[in-house]
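One structure is given below, encoded as structure tokens.
The values are calculated or read from the model by the stated rules, or taken from the named source; none is laboratory data. Note that this is a predicted model, so its numbers are computed, not measured. For neighbour counting, all protein chains shown are included, and Cβ atoms are generated from backbone atoms with ideal geometry for every residue, glycine included.
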Amino acid sequence: MIGVVSYGMGNIQSVCNALEHLGHQPLVASTPEDLDKVDRIILPGVGAFPAAMERLMKTGFLDALNNQARDKSKPILGICLGMQLLAETGTEFGECAGLGWIPGRVEIISRGSSDLRLPQIGWNELELRDNAQLFANIEGDTSCYFVHSYQLLPTEPSDIMATVEYGGPVTAAVQRDNIFGAQFHPEKSARVGLAVLDNFAKV
């Protein structure tokens, strides 16, 4: 069973629908205690970094997620803002502590001298690293759907599992031990996104 954390930061129904389509059983985790009932956890997110961390603290999910990730070593997948929350520090509206599971910072995408707009909205092709569990057996076009202005910049380059090009390389997916992150929306990314969710369900 896969728990989808419901903490008031984004629509979780599309994630649940995608999991059901794949034949997996999602559980909407509306309380921290629900996380004890599942084998793996998805942390979605849409909005601002500080607001999301505040919601996790107020709902009691912050301590529960740390327990599930660190003490019980359950696989956890952060999606979009949920991936950014995996970092040590976010910089949106000032510095804010994150979950700290992936060493690094979340900073606004640097566009250099380009005229690219933020947020990045739309499809972009992933450049995959070797042996990335989330992308096992994915071949051909790897385009996924993105909506974001900030990116996670891991301290250790080995934590980066995929990038995209947007005025320079932008972190698209990460992994460290049992912690996974997808900056794109797999539930909105057609074939590739469904394969990513299916791979996570089989970790």
- Message: Pull out all pairs, ordered by first then second residue, where Cβ-Cβ is under 9 Å, the residues are six or more apart or on different chains, the first lies in the stretch 120-146 and is under 17 Å from Glu187 (Cα atoms), and the second is of a type in the set (Phe, Trp, Tyr) and in a helix (DSSP H, G or I).
- Response: Leu126/Phe135; Leu134/Phe200; Thr142/Phe135
- Message: Against the definition (surrounded by 17 or more Cβ atoms within 10 Å (Cβ to Cβ), of a type outside the set (D, E, K, R) and closer than 30 Å to Gly168 by Cα), how does Leu65 come out, yes or no?
- Response: no
- Task: Could you please let me know if Thr59 is farther than 20 Å from Val174 by Cβ and β-branched (Val, Ile, Thr)?
- Result: yes
- Query: Residue check, Thr59 against (1) among the polar types (S, T, N, Q); (2) under 15 Å from the mean Cα position of the chain (by Cα); (3) surrounded by fewer than 20 Cβ atoms within 10 Å (Cβ to Cβ), all met but one. Which one?
  - Reply: (2)
- Restricting to the stretch 158-193, what's the tally of residues that are under 15 Å from the mean Cα position of the chain (by Cα) and among the small types (Gly, Ala, Ser)? 7
- Item | Residues of the stretch 146-203 satisfying the condition of being of a type outside the set (A, V, I, L, M), under 11 Å from Leu134 (Cα atoms) and assigned to a loop (DSSP other than H, G, I, E, B) | Lys202
- Item | Among the residues listed as Arg129, Arg111, Arg105, Arg117, the single one being of a type in the set (Lys, Arg), at pLDDT 95 or above and more than 13 Å from Gly181 (Cβ to Cβ) | Arg105
- Query: Just one of Gly98, Gly104 is more than 16 Å from Pro44 (Cα to Cα) and either surrounded by 14 or more Cβ atoms within 10 Å (Cβ to Cβ) or touching a Lys or Arg at 6+ places or on another chain (Cβ under 8 Å) (or both); which is it?
  - Reply: Gly104
- Task: Output the residue which, of all residues in the stretch 108-138 that are over 28 Å from Asn199 (Cβ atoms) and among the charged types (D, E, K, R), is surrounded by the fewest Cβ atoms within 10 Å (Cβ to Cβ).
- Result: Asp115
